[in-house]
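The values are calculated or read from the model by the stated rules, or taken from the named source; none is laboratory data. Quick caveat: nothing in here was measured; it's all calculated off a predicted structure. Don't worry about glycine lacking a Cβ; one is built from the backbone with ideal geometry, like all the others, and counts go over all protein chains shown.
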Amino acid sequence: MDHPSLYERLERHRYERLERRVLSENLMKQYSYPRPHPHVKGQALISNARKKYSQIPSNGTKVCRRCRAAYSVNGNGKAVKPEVCNYHPNNTPNPGKPYRCCGGGYTAKPCKTALQHVSDDFDLSNMTGFLLTKENMSVTGREAYALDAEMIYTECGLEIACLSIVNTKCEVVYETMILPDNPILDYNTEFSKLTSSDFAGVTTTLKDVHKKLLTLWGPNTILIGHGLESDLIKLRVIHDKVVDTLVLYPHKRGLPFLNSLQYLKDNYLSSSTFAGTSKKCGQDAIAVMKLAKRIS
Ligand SMILES: [Zn+2]
Ligand SMILES: [Zn+2]
């Protein structure tokens with residue numbers, strides 16, 4: 001039998017150290033990770049979700065995620081009519097501190113205007129179509145990947161629009177734009193860095209992405225992300241071995257405070273180069289891998 005090379009031995013140690021950081025079932029539930037429904041295949045259960053995500057309301061109104069205005073919706077959660085949304089992109093300043101978007105004070109008039117209110121509400125009773133990676137016996141290797149996704153607003157809430165996956169060498173192994181299921185309302189450009197031109201010629205759907213993921217992720221794969229539960233929910237994937245940099249780097253004031261990825265990048269990573277990708281989600285996936293390797 002062949003002896004493993006030095007590189008293979010180092011990679012095995014890396015995997016074992018990351019494996020010690022994998023979230024327990026209880027922590028996954030606490031952080032609202034999608035977990036398998038005990039009886040219904042492909043359906044996810046999300047604990048603690050009411051705290052984190054608002055649901056499709058029964059009274060026909062939603063509250064805009066950006067400007068907090070209430071607006072009327074039909075039974076599918078779509079706005080009954082378009083209404084202009086005036087907002088600050090960075091809308092949660094500490095009282096007394098200026099908005100980061102425009103430098104205006106706490107009572108400053110909104111600095112941005114969009115044609116439509118938006119929401120990130122989703123129907124918790126409709127968590128179907130999830131890929132169960134632990135059943136994918138075609139991938140059995142002990143690999144670790146970091147991932148990041150970008151979301152945009154569609155008529156039915158926030159949908160995944162871009163996905164990047166990197167290996168432990170911080171090489172991009174898969175990066176794709178994803179055509180949302182519903183008509184696009186707003187590219188969420190301040191956060192996603194995506195614009196309409198990014199979608200020119202894009203035909204890849206979430207179904208296509210699932211096919212690709214089945215060639216990469218299996219029961220032994222470790223997935224690393226920052227607030228990875230929300231990426232997995234939007235990606236419609238149930239995965240058991242996850243490492244979350246939100247948990248690896250807790251906020252100094254404890255929960256419910258959480259460190260942003262930007263804060264961790266500024267404080268723990270040198271002004272790194274992000275070779276192999278120009279996409280924000282690719283750069284964030286590389287940052288997440290570096291942050292995980294730094295303390296694992
Ligand atoms: Zn502003
Ligand atoms: Zn609004």
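Here are a few things to note about the model shown:
- Cβ-Cβ distances below 8 Å connect the following pairs, each with a first residue in region 245-261 that is loosely packed, with under 12 Cβ neighbours inside 10 Å, a second residue that is in a loop (DSSP other than H, G, I, E, B), and a separation of six or more residues or different chains: F257/H251.
- Criterion applied to E11, E19, E25 was being modelled with pLDDT under 95 and surrounded by 10 or more Cβ atoms within 10 Å (Cβ to Cβ), and the one residue passing it is E11.
- Check on G201, without any contact (Cβ under 8 Å) to a residue 40 or more places away in the chain and on the phi > 0 side of the Ramachandran plot: yes
- Count of region 6-24 residues which are outside any helix (DSSP H, G or I) and either not assigned by TED's automatic domain parsing to the domain that holds T221 or not hydroxyl-bearing (S, T, Y) (or both): 4
- Of all residues in region 155-164, none satisfies being within 16 Å of the chain's Cα centre (by Cα) and part of a loop (DSSP other than H, G, I, E, B).
- Residues being of a type in the set (S, T, Y), more than 16 Å from ligand 2 (Cβ to nearest atom) and farther than 30 Å from T203 by Cα are entirely absent from region 111-128.
- Restricting region 121-154 to residues that are in a loop (DSSP other than H, G, I, E, B) and surrounded by 15 or more Cβ atoms within 10 Å (Cβ to Cβ), the residue that is modelled with the lowest pLDDT is F122.
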